Amino acid sequence: MWSKELSVEVKQAILKESDDGKTYFVKIHAPWEVLATYADVLKIKVPFKVNDMPDDRELPMNWLSTPFRLPKEIMHPEPDYFTAPFSKSKSDFFLIGNQDTFFSPSTRNRIVYYILSRCLYVTEECGDKKGIKRLLNNGSYTAAFPLHDSRYWIRSKDGNCESERYDLYKHWAKFFCFFKEQPINRIRNYYGEKIGIYFAWLGFYTEMLLFAAVVGTICFTYGFLTYDHNEWSKEICSEEIGGKIVMCPLCDKKCGFWKLSITCNSSWQSHLFDNVATVFFAIFMGIWVTLFLEFWKRRQARLEYDWDLVDFEEEQQQLQLRPEYESKCTKSKENPITKEMEPYLPVTSKCARSCLSGATVVLWISLIIACIIGVIAYRLAVYAAFASIMKDSPTSHLEVVGPYITPQLATSVTASCINFVIIMILNLMYEKVAVWITDMEIPKTHLEYENRLTMKMFLFQFVNYYSSCFYVAFFKGKFVGYPGKYAYMFGSSLRNEECDPGGCLIELTTQLVIVMTGKQVWGNIQEALLP
């Protein structure tokens, strides 16, 4: 659908540049007048004076971090400035050296998107149809995206023209730069404050995880070093004690009596993760979480001050109503503070949409719980089958892993794999549903939209990823009954499963490894195919 202002020559030029005759590209450029006008509207903060305050911040033992630091010109490509909201009528007040580079790429993209999301693409007589998002949804355009500066591996031939993308690739995106600090200011200039804050958090989180990893490794090493001194494992493995204790069948019909000594291997394995040091690690992680949150608050406050984002959220709330809200809310009322007419959503419509949204979230969480119950039923049904198959030790011919393959392990691994597949399928489906129901609520501002979408995704993913782990950690083995009066699942013939004599920790570890490793692999595959 072509705009009336687009000339015939431009249309013909676009059609000629198509390689396949079907796909066409329209490149949009915002000149200085447009950028200045909308920077005034959006109250974008720009520099007006170089910061002449001395920066005496010096960290203790700073020399230890020297190998991990980047050159100062990379970390701080520009001097620090005092800033103020841009005013087109007072442009001489600001430090405008070059109009082409005065606004950063992220700011230019923000202004262009603001315009595209609100401009009409039909005449006013045809209705209030506007916004690039609507054109994307109805198929008029396949995609809309900002362009990069250049190829990331190519440096600018013009010495006076920097390629910010090349610098980011050289000092940040290369694999062998993983141990270096991140050029946060360059990331912010190129991708914007939101992406910059995200990578600042990600880097800080990774740094803090290093301490948790070191303590966890020490606790695991303690379990390994005290491997041969575990008294209760020795008693289980002893023919004089564990070999003489006969245990009741773990399932009806197909399972027979068994000796406690056959759980010897699993009891030794449990000691690696469940020992005296585990208690210390749990206490340490409780303290670590608190310190992580408090230190991040300090880091975030510092970034907000350096990047002039202290009042950013409040300003966005006041200045930027979502174009979808403006177009769908046909009624208006006077703002008691500004005394201006603003679109609004009636309370009855808002309540109805919120109720429908909440019911949808509850429905999907119920679907997760139903899937978990299905996996539990699978575990109960398959355990007896594995027990009968392995009754005569058909895996004993496997020299290395044969002794470790038990009905419990086979059931746990297969159930965890099925659970992982269900988690990924539900997650892919719910991502689209969450966006749909959030759009249906018609949030007023972008911040409100993001908060609502984040809450829905967090609630769903928390239940989706961790409900199976909660079952193994807190419920499995707690409702089994006793010989002669065993408990059954919902009154069926499936007897509730029990933990190994050494506990459910090995099974919980197996569940976490399969789900978390699979999630990481799947995420990397998605990033490679659809970055």
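The values are calculated or read from the model by the stated rules, or taken from the named source; none is laboratory data. All figures in this text were calculated on a predicted structure; none of them were measured in a lab. When we count neighbours, we look across all protein chains shown, and the Cβ atoms used for this are built from the backbone with ideal geometry, even at glycine. Protein only, heavy atoms only, side chains kept; ligands, DNA and RNA dropped before computing areas. Shrake-Rupley method; radii C 1.70, N 1.55, O 1.52, S 1.80 Å.
For region 348-364, backbone phi angles converted through the Karplus equation (6.51, -1.76, 1.60; θ = phi - 60°) give residue-by-residue couplings of 4, 5, 5, 5, 5, 5, 5, 5, 5, 5, x, 5, 5, 5, 4, 4, 6 Hz, Gly and Pro being listed as x. Compared with the alpha-carbon gap, the fully stretched path from MET516 to TYR114 is longer by 140.9 nm at 0.36 nm per residue.
Computing the accessible area with a 1.4 Å probe over protein heavy atoms, can you report the carbon and sulfur percentage for region 407-478? Intermediate results must be reported in sequence, preceding the final value.
Details: 2530 of 3340 Å².
The C+S portion of the solvent-accessible surface of region 407-478 is 76 percent.
Determine the order of TYR205, TYR121 by accessible area, beginning with the largest, at a probe radius of 1.4 Å. Each step should come with its number before you reach the end.
Details: TYR205 80, TYR121 50 Å².
Sorted by accessible area, descending: TYR205, TYR121.
Which pairs in the list LYS244/LYS485; LYS331/LYS444; LYS45/LYS90; LYS129/LYS331 are over 19 Å apart, alpha-carbon to alpha-carbon? Spell out each step's value before the answer.
Details: LYS244/LYS485 24 Å; LYS331/LYS444 14 Å; LYS45/LYS90 13 Å; LYS129/LYS331 16 Å.
Violating the 19 Å limit, Cα to Cα: LYS244/LYS485.
For the peptides 518-526, 37-45, the ranking by packing is 37-45, 518-526, with the highest mean count of neighbouring Cβ atoms within 10 Å listed first.
For PHE257, the solvent-accessible surface computed with a 1.4 Å probe is close to 150 Å², ligands and nucleic acids excluded.
Assuming 0.36 nm per residue, please report the length gained on full extension of the stretch PHE470 to ASP252 beyond their Cα-Cα distance. It would help to have the intermediate numbers written out before the result.
On the way: separation 218, 0.36 × 218 = 78.48 nm, distance 2.61 nm.
Extending this stretch completely gives an extra 75.9 nm.
Accessible area of THR414 (1.4 Å probe, protein heavy atoms only, ligands and nucleic acids ignored): about 40 Å². When only alpha carbons of region 407-454 are considered, Rg and Dmax amount to 17.2, 55 Å.
Accessible area ranking (1.4 Å probe, heavy atoms, ligands and nucleic acids excluded), largest first, for PHE470, PHE199: PHE470, PHE199. The amide H of TYR81, built 1.01 Å from its N in the peptide plane, has ASN51 as neighbours under 5 Å, considering only residues 5 or more places off or on other chains.
The ARG151 and ILE241 beta-carbon pair, evaluated with R₀ = 51 Å, returns a calculated FRET efficiency of approximately 0.15.
The length gained by stretching the chain between VAL50 and ILE337 to full extension, at 0.36 nm per residue less their Cα-Cα distance, is 99.7 nm.
Computing the accessible area with a 1.4 Å probe over protein heavy atoms, can you report the carbon and sulfur percentage for region 147-229? Please report the intermediate quantities before stating the final value.
Working: 3550 of 5690 Å².
Exposed carbon and sulfur together represent 62 percent of the surface.
Restriction of the trypsin sites (Lys or Arg not before Pro) in region 237-285 to DSSP coil positions whose beta-carbon has at most 12 other beta-carbons within 10 angstrom yields LYS253.
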